[in-house]
Amino acid sequence: MQLVKDVVGNISQVSDSSLFGASQFSITGSPIAGLENLSSDVPYVLDKLRANTFGNGTTNTDGGIRQCYEKLPGGGSTGILTRGYTNPSLPRMIMLLTDGLPNRRDFDSVPNNATCPCLISPGAAENNCRSCAREVATKRANDASTDGVTFVSVGVGQVDAAWLSSIGQFYYIDNFDLLQTLVGAITAAACADIDVSVNCSRGQTAAIGGVVSNRLEITNGGIFNYTSPLPFSVTLDAAGLQDLVVQPSAGSPPGVQG
């Protein structure tokens, strides 16, 4: 859970318009109490995460994803990612954290084009089926990705790495103590879709031995607080160039990489 709290904290620093919700899954999937609707109140979100307790049991990955995103037969979607989602410029991400293999599914909701090869009746007490559980979870994750949702999976210990890699970006660690090493990568995945505009002053011609300067203005017109070094490249069509100096001005990103 510390990983989730740290990711929430990091993302909120990049954009104070970020919204958060959370679900959990074992035998069934359910929203974490108080986080069934998206919230931008970071202290509130962190309090709800701290207060949550997890149950043990089978691994209903499908149920957990369904709580976040479910494609409706008539079009549109429902789930935590939809409720309270009011800013279309915000990228969306589902982070799946699991330490088990999918072996149970929500039998009352089968994604389109997914089938269950086993003969277990819906609602049966012991409705465990690994191949069925993986298929419906795959279809639901793919539906979310097709709708533009970034899907990131974190596997701990004995997980199906090949399957998790097939449904989105995948990170593996062998024990929970190493989860904190992934905070930066997951934050970057959530905040990768940052747009900036660039203006450059007109080209100038320098006399031999002379010096010219151009001003490059980079404007962040979006909702993000840009905190990472900004990579860029410069193409110069000039002979005899000896030096190129890049000097960030006030208000520039914290680092410049050229």
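Per-structure values
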read-out: Long-range neighbours under 9 Å by Cβ, at least six apart or interchain, first residue under 17 Å from A133 (Cβ atoms) within the range 85-107, second small (G, A, S) and modelled with pLDDT under 70; value: F107/S121; F107/G123; F107/A124
read-out: Matching residues in the range 148-172 - criterion: being open to solvent by less than 10 Å² (accessible area, probe 1.4 Å) and over 16 Å from L101 (Cβ atoms); value: V149, F151, V152
read-out: So T53, is it touching a Lys or Arg at 6+ places or on another chain (Cβ under 6 Å), part of a loop (DSSP other than H, G, I, E, B) and surrounded by fewer than 22 Cβ atoms within 10 Å (Cβ to Cβ); value: no
read-out: Test: residue in the range 162-170 that is among the aromatic types (F, W, Y), modelled with pLDDT of 90 or more, touching a Leu at 6+ places or on another chain (Cβ under 6 Å) and closer than 30 Å to S15 by Cα; value: yes
read-out: Residue among L90, L119, L101 that alone is hydrophobic (A, V, I, L, M, F, W, C) and modelled with pLDDT of 75 or more; value: L101
read-out: Members of the range 51-76 that are at pLDDT 80 or above, small (G, A, S) and over 19 Å from C132 (Cβ atoms); value: A51
read-out: Selection count, the range 130-147, where residues are open to solvent by 40 Å² or more (accessible area, probe 1.4 Å) and closer than 24 Å to L179 by Cβ; value: 2
read-out: For Q67: the one exception among (1) more than 28 Å from D174 (Cβ to Cβ); (2) crowded, with 21+ Cβ neighbours inside 10 Å; value: (1)
read-out: Residue that is modelled with the lowest pLDDT [pool: residues in the range 22-50 that are open to solvent by less than 40 Å² (accessible area, probe 1.4 Å) and assigned to a loop (DSSP other than H, G, I, E, B)]; value: S26
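The values are calculated or read from the model by the stated rules, or taken from the named source; none is laboratory data. Since this is a predicted model, take the numbers as computed values, not measurements. In this analysis, Cβ positions are derived from the backbone assuming ideal geometry, glycine residues included, and neighbour counts consider all displayed protein chains. Surface areas here come from the heavy atoms of the whole protein model, side chains and all, with no ligands, DNA or RNA. Shrake-Rupley method; radii C 1.70, N 1.55, O 1.52, S 1.80 Å.
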